Amino acid sequence: MIDLHSHTDRSDGTFTPAELVGEAVRIGLHALAITDHDTIMGYDAAVPYARDAGLELICGVELSTKYKGQSIHLLGYFPNGGPSDEFRAWLEFLLESRRDRNRRLISKLQSLGLSITLEDVERHGRTLTARPHFARVLVEKGYVKDIQEAFDVYLDESAKGYVQRQDVPIDEAITRILEGGGVTSLAHPVRVAKNDWEKLAGYVSDFADMGLRAIEVYHSDHSPENVAYYKRLAEKFGLGITGGSDFHGANKPAISLGTGMRGNLCVPDELLEVVRAKVA
Ligand SMILES: [Zn+2]
Ligand SMILES: [Zn+2]
């Protein structure tokens, strides 16, 4: 069993890199990819712990991209110990645009009558302050009863506090990852098109033309029907298959590293080859 999708507290997870490596070892994972949003600092910090524990650790990243006005998550994996310096510099630029979104989100929440500051949320987000950190502050201040309500009422795309982020176009993200020495995989396709399989197939065909290398077939949110369909889709377009839990620690308590939601996940070891594959 391996897990190719996980988050540390360097993005919106709650486990430190050391704790995440510890958990991977405890449950007997054969390999772990850390795929924090917009940053590889969690991976960098985890490297010595993984080396000491004899765990195969893969450098990954998850980017929020845009296609036809829709938000699409893209995974990038860097098999040779991490991306190029150019790619690292580009991630810095993405972090800056996220900070800009955070400033606008604070103004929006303040205009809705909430007493919340950037300092309040940045206390929770280390490298990167994301919406779960906003949610936690809203709970602490008693505006909502839990994280879920914070998203439902204020932070979700359809909620009244939502502000748009300047997401990068997916073709640019795919190209950047390839040029940075990486392999791309379409994250949790179930969120791209719920049950509109024709639409998803159209998107995947477009992304394959842009250089997409794989689809995340296995994910905690995927039903067995989803998995079967995404497998066929990968085959049809000559794409590889990846999979992972999307573990976030206490920010998504229903999901366990490796085994997903109530044990619905077991990613086979041979998928490692996809993210290990040398980029031509
Ligand atoms: Zn995602
Ligand atoms: Zn994720």
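Below is a table of values for the structure above.
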item: Mean projected area in nm² (Cα convex hull; one quarter of hull surface) for the chain; result: 13.7
item: Per-residue [θ]222 nm for the chain (sum of -39500 (n - 2.57) over DSSP H runs n ≥ 4, rounded to 500); result: -12000 deg cm²/dmol
item: Qualifying trypsin sites (Lys or Arg not before Pro) in the stretch 222-264, DSSP loop, other Cβ atoms within 10 Å at most 11; result: Arg262
item: Degrees separating the helix 131-140 axis from the principal Cα axis of the chain, which is the longest one; result: 40
item: Under 5 Å, built H, 5+ apart or other chain: amide partners of Glu56; result: Leu32
item: Angle in degrees between helix 197-210 and the longest Cα principal axis of the chain, rounded to the nearest 10; result: 70
item: Values of log10 I(q)/I(0), in the order q = 0.13, 0.16, 0.23, 0.24 Å⁻¹, for the stretch 60-159 under a Debye, Cα-only, solvent-free model; result: -0.56, -0.80, -1.26, -1.32
item: Helix 85-111 axis, angle to the chain major axis (alpha carbon atoms, nearest 10°); result: 30
item: Fewest-first sequence of Val217, Val204, Val144 by Cβ atoms within 10 Å of each Cβ; result: Val144, Val204, Val217
item: Integer Hz, Karplus 6.51/-1.76/1.60 couplings in order for the stretch 150-157, x for Gly and Pro; result: 4, 5, 4, 8, 10, 10, 5, 3
item: Percent antiparallel among DSSP beta bridges (both partners in the chain, rounded to 5); result: 50
item: Relative intensity, log₁₀ I(q)/I(0), of the stretch 167-280 from a Debye sum that treats every alpha carbon as a point, q = 0.18, 0.22 Å⁻¹; result: -0.96, -1.30
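Computed from the coordinates by the stated procedures, all read-outs in this text should not be read as laboratory data. All of these numbers come straight from a predicted model, not from anything done at the bench. Reconstructed Cβ throughout: ideal geometry from the backbone, glycine too, with neighbour counts over all protein chains shown.
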